[in-house]
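For reference, the structure is listed below as structure tokens.
The values are calculated or read from the model by the stated rules, or taken from the named source; none is laboratory data. Since the model is a prediction, treat every value here as computed from it, not as a measurement. Cβ placement follows ideal geometry from the backbone for every residue including glycine, while neighbour counts extend to all protein chains displayed. Ligands, DNA and RNA are excluded from the accessible area calculation, which covers all protein heavy atoms including side chains. Shrake-Rupley method; radii C 1.70, N 1.55, O 1.52, S 1.80 Å.
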Amino acid sequence: MAVFTRPAFLGLAVVILSVLAGAANAQLSPNFYSTSCPKLAGIVRSGMASAVQTEKRMAASIVRLFFHDCFVNGCDGSILLDDTSTFTGEKNAGPNANSARGYEVIDAIKTQVEASCKATVSCADILALAARDGVNLVGGPTWNVPLGRKDSRTASQSAANSNLPGPGSSLATLISMFGNKNLSPQDMTALSGAHTIGRSQCQFFRNRIYTETNINASFATLRQGTCPRSGGDSNLAPFDVRTADGFDNAYYQNLVEQRGLLHSDQELFNGGSQDALVRQYSNTPSRFSADFATAMVKMGNLLPTSGTQEIRLNCRKPN
Ligand code: HEM
Ligand SMILES: *[C@@H]1O[C@H](CO)[C@@H](O)[C@H](O)[C@H]1NC(C)=O
């Protein structure tokens, strides 16, 4: 006769509860392609390795693409779609136009994946893996990526404009925009640590370096050197003044010294609710790495709640 021991019963209860709570993404699993595309992880890893070898910043650009994909109707590859005659896509939305980059890297990886496993792996999953590998290739943590996403057949410029936070956002706005995606203030603060790599254009931090008072004076002067009061809108500066292309906790050390680049960055350490966590991350890199990985998985679990999905053959257009 089968008897439930207490641990077995608890285990069963946990399984039932998680099925109920996670119905929308219950199908995601790190092993999703293990029989249908066993070489997938290696193909994505080597595609990212060669892209990052050519240009270190590409790690940052791909991580940002993943964030901008997931925040707009879930992680469904929608940001990768070019505009068509029937919809205006996300590439030309405010937060992405002349800013989001790395599309050709995803195209190149997709070509390799298709050659090995035809019509099997979604562009959304390729982007999730590529973001993980980008972080790891420039010195950051690694994690298992749950897989099994499908690609949207459409994209929404208006949803991209309204769901993605801007560089002038207040702490309250950041907490609420991440909260809208079921991400906690801690997730938001950890995910913002992606700004330990990559670049920003002058137009997004000009106001901060000329008018704000919660900024390190020598840092403001440094950034003013390549970001004039007028003109030079697209001049680039690294987010992380310490280790520009290395994924580490220096972003938080910068914030503690009032060396955040964007207004929204410094909002995380400006006398508010995230100060203590920023200090912890600045002192304990392992805590940041673990929380960042956890939050990336959580963000990656955002899935579309409507519309039709497919395995797109070309990441730029619906089948
Ligand atoms: C918290 C709210 C956030 C705001 C307001 C914000 C805003 C920005 C802005 C304005 C840029 C510069 C774009 C440009 O100059 O073209 C940028 C770049 C970047 N963002 Fe964020 N971001 C946020 C959160 C995130 C998150 C959650 C991630 C990833 C997990 C992320 C990853 C990046 C990366 C890696 C870059 C550099 C991209 C490159 O060099 O190509 N950001 N972000
Ligand atoms: C400004 O940055 C320097 C590093 O160059 C640092 O030593 C100093 O503590 C910072 N100032 C403040 C007020 O945090």
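Summary table
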| item | result |
| --- | --- |
| With 20 Å bins from 0: P(r) over the chain, alpha-carbon pairs, percent | 31, 56, 12, 1, 0 |
| Pair-distance profile P(r), taking every C-alpha pair of the stretch 182-297, with 5 angstrom steps and integer % | 2, 13, 23, 24, 18, 11, 6, 2, 0 |
| Accessible area of the stretch 163-319 belonging to carbon and sulfur atoms, whole % at 1.4 Å probe | 49 percent |
| Environment charge of Ile311, counting only residues whose C-beta is closer than 12 Å and scoring Lys/Arg +1, Asp/Glu -1 | +1 |
| Sequence-distant residues sharing a close amide H with Leu147 (under 5 Å, placed H) | Ser29, Asn31, Phe32 |
| Charge-dipole axis of the stretch 182-297 as Lys and Arg at +1 and Asp and Glu at -1 on Cβ define it, positive-most pick from Val256, Gln203, Leu183 | Gln203 |
| Accessible area per residue, Å², the stretch 182-297 with all protein chains present, probe 1.4 Å | 40 Å² |
| Positive minus negative residues near Thr196 (Lys, Arg vs Asp, Glu; Cβ under 11 Å) | -3 |
| Computed over the chain: relative contact order in percent, which uses C-alpha pairs under 8 Å that are six or more apart | 24 percent |
| 222 nm mean residue ellipticity, helices alone, for the chain (DSSP H n ≥ 4; -39,500 (n - 2.57); rounded to 500) | -14000 deg cm²/dmol |
| Cα-based Rg of the stretch 29-97 normalised by 2.2 N^0.38 Å, two decimals | 1.34 |
| Karplus-derived 3J(HN,Hα), 6.51/-1.76/1.60, for each residue of the stretch 263-272, Hz, glycine and proline x | 3, 4, 5, 5, 4, 6, 9, 8, x, x |
| Span-rule helices in the chain, defined as complete DSSP H runs reaching 15 Å or more along the axis (Cα) with Kyte mean at least 0.5 | 6-21, 40-54, 57-70, 123-137 |
| Rounded to whole Å, sorted largest first: equivalent-ellipsoid semi-axes of the stretch 265-319, Cα gyration tensor | 36, 14, 11 |
| Length-normalised contact order for the stretch 182-297 - Cα pairs under 8 Å, 6+ apart - percent | 33 percent |
| Computed accessible area, Lys317, all protein chains, 1.4 angstrom probe, square angstrom | 120 Å² |
| Centroid-to-centroid separation of the stretch 124-154 and the stretch 173-251 [C-alpha atoms, Å] | 23 Å |
